[in-house]
Every structure is written in structure tokens, then in C-alpha cells.
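Visitor: My questions all concern the structure below.
The numbers here are math on the coordinates, done by the rules we state, and not lab data. As the structure is a computational prediction, the values presented were derived from the model and not from experiment. Using ideal geometry, Cβ is built from the backbone for each residue, glycine included, and neighbour counts are taken over all protein chains shown.
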């Protein structure tokens with residue numbers, strides 16, 4: 001009996017082809033292109049005909065660039081403050097909203113809206129709130145008896161904390177929703193056992209809720225670290241990196257170097273250093289998580 005030749009099924013590949021082609025064209029090729037120009041003095045207006053290979057010169061310039069180190073310091077400070085504060089407030093909000101409260105759905109929507117709202121709209125609103133003379137924040141502080149409220153976005157000392165406040169406010173919605181999803185997976189029997197042992201609500205939160213949300217917290221820390229090193233919109237719109245370099249972060253400095261001073265090769269080299277730094281931090285977090293799980 002003659003065997004039938006098996007027909008190969010190409011349909012799955014046809015369905016994934018558009019996404020695969022889009023990934024190659026819009027992500028993979030630009031990434032490889034940026035790696036290539038990071039070793040050149042490429043200028044977007046002069047083109048390839050006036051481009052020369054400079055080797056590691058861009059990286060040497062970067063590590064000697066004072067503004068790069070200031071941007072890195074600001075980014076690390078932004079990350080170190082916004083992530084812990086956002087996580088703590090988010091888990092508390094999630095626990096409160098997970099219990100029976102009035103208008104729970106409406107509160108969830110209000111908390112989540114800043115995460116999906118336009119960066120431009122959010123930045124403009126917060127710029128009005130931070131206005132030194134007419135902003136609601138300083139008006140409120142004056143009403144409380146503060147005679148000399150901060151200048152916020154125009155003050156070297158308070159500009160970065162103001163950006164941090166906006167970042168925390170924007171991140172609360174997403175983190176809270178993820179924590180609420182994690183709370184649904186905690187068995188009620190654990191809380192019942194804690195109550196039988198005489199645990200208070202605070203002890204239930206510390207010894208049951210927080211440990212059981214360990215994996216959720218790890219996920220949020222990883223994604224938040226990546227997002228915090230990519231913060232750009234609020235800085236660019238609200239302060240443009242100023243006053244001076246008080247709010248200059250890496251993503252904004254890369255943008256300024258590439259699209260204002262047209263040093264595309266230099267900007268690409270910084271982008272790759274940022275990529276390697278984020279990748280390294282993520283690997284360390286994964287390693288710590290696996291070690292913690294093995295000891296748990």
C-alpha cells in the first residue's frame with residue numbers, strides 16, 4: 001500500500017509571521033543598528049558618508065562625562081525611593097480594597113486611571129499643582145502654616161523629589177491591581193490558623209500576607225526597576241532635565257545627546273550601557289529570588 005505523503009502544516013507560521021516580521025523590523029534590526037553605530041561618530045544629518053569608526057572612544061567619553069554620572073546618580077536615587085514607597089503603599093491599598101469596603105470598584109478605577117492616562121496630561125496637571133505661587137500643593141502648605149514652601153520644579157533641591165512623587169502616584173494603580181490578584185491566591189485557611197493562634201491583624205499581614213505575596217513582589221520589583229531606568233516622559237515635559245541637571249536621568253540624557261546634539265553614536269553607546277546595567281540587575285534579582293526560594 002502506498003504511503004500518503006504527510007502534508008506539512010504551515011498555518012501556525014502564517015499567523016505568527018506578522019508579529020515575527022514586526023519584531024525583526026522594529027526591534028531586532030534597530031537594536032543591532034544601535035550597537036553598530038555605538039562604535040562610530042554617526043550624525044543623523046551627515047549620514048553614513050561622513051561617518052567614521054571610532055572604536056571604544058564613545059564609551060571612554062561616556063565614563064569621563066560628568067553629566068552621565070549625574071544622570072546615573074539621579075536614576076539610582078529615583079529607583080531607590082520610588083520602588084519601595086510604591087510597593088509599600090500598593091500592598092496596603094490592595095489589602096484594604098480586598099476587604100469589603102464601600103465603592104470598591106470605583107476606588108479601583110480611580111487608582112488605576114493614572115497608570116493608563118496620557119503622560120502629557122498627567123505632567124501638565126502636576127506642573128500646575130507644583131506651581132510655586134498658585135499651585136494647590138503650596139497653597140495647602142501655606143494654609144497649614146508653612147511660611148516658605150518649596151519651589152518644587154524650579155528648585156534644585158526639590159525638583160527630583162517632585163518627579164518621584166509623580167512616579168509613585170502613576171505606579172500605584174498597576175501595583176495595587178497586581179497585588180490584589182495575588183491576594184486572591186492566598187488560602188483563607190492560613191488566616192484562620194493564624195487567628196486560632198491568636199494573631200492580630202497586623203501579625204496576619206506581616207507573617208501571612210507579605211510572605212505569601214513574595215513572588216508577586218519579586219515580579220513587581222523586576223518590572224519596576226526596568227521602568228524606573230526608562231523614565232523619560234515626566235522629566236522631559238515637567239523639567240526638561242533641569243533646573244541645571246537636577247532631574248537629568250539616563251533616558252533623558254540619551255535623548256538629548258542623540259536628538260538635540262545629534263551625537264547618535266554617543267547616545268547609542270549610553271543606551272547599550274543602560275541595557276547591560278538593567279540586564280545585570282535583573283539577573284541579580286533572579287539569582288536572589290532562586291536562592292531565597294531554595295532556603296524557604
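Visitor: When 1/r is averaged over all different Cα pairs and the result inverted, which Kirkwood radius in Å belongs to segment 59-295?
Guide: Computed over segment 59-295, the radius equals 20.0 Å.
Visitor: Follow-up. For the ranges 242-249, 140-147, 181-188, what's the packing order if you count other beta-carbon atoms within 10 Å of each residue, average per peptide, and put the highest first?
Guide: Answer by packing, highest mean first, reads 242-249, 181-188, 140-147.
Visitor: Let me ask something additional. Test of understanding: ordering 108, 260 by Cβ neighbours within 10 Å, fewest first, what list do you get?
Guide: Going from least to most buried by this count: 260, 108.
Visitor: Right, next: Given a cut-off of under 8 Å on Cα pairs at least six residues apart, what relative contact order in percent is computed for segment 59-295?
Guide: 28
Visitor: Could you work out how far apart the two model spin labels at residue 139 and residue 201 are, taking each label as a point 7 Å from the Cα in the direction of the beta carbon, and quote it in nm?
Guide: 3.5
Visitor: Further question on the same structure: Classify segment 1-152 from the C-alpha gyration tensor, please: rounded if a/c falls under 1.5, else prolate or oblate depending on whether a/b exceeds b/c.
Guide: oblate
Visitor: Which value in deg cm²/dmol, rounded to the nearest 500, describes the helix-derived mean residue ellipticity at 222 nm for the chain, given -39,500 (n - 2.57) per DSSP H run of n ≥ 4 and division by the residue count?
Guide: After summing the helix terms and dividing by residue count, I get -21000 deg cm²/dmol.
Visitor: Spin-label point model (7 Å from Cα, Cβ direction): what's the residue 226 to residue 35 distance in nm?
Guide: 1.8
Visitor: How do 50, 252 rank when sorted from fewest to most other Cβ atoms within 10 Å of their own Cβ?
Guide: Final ranking by Cβ density, sparse to dense: 50, 252.
Visitor: If neighbour count is taken as other Cβ atoms inside 10 Å, put 166, 54 in order from fewest to most.
Guide: Taking fewest neighbouring Cβ atoms as first place, the list is 54, 166.
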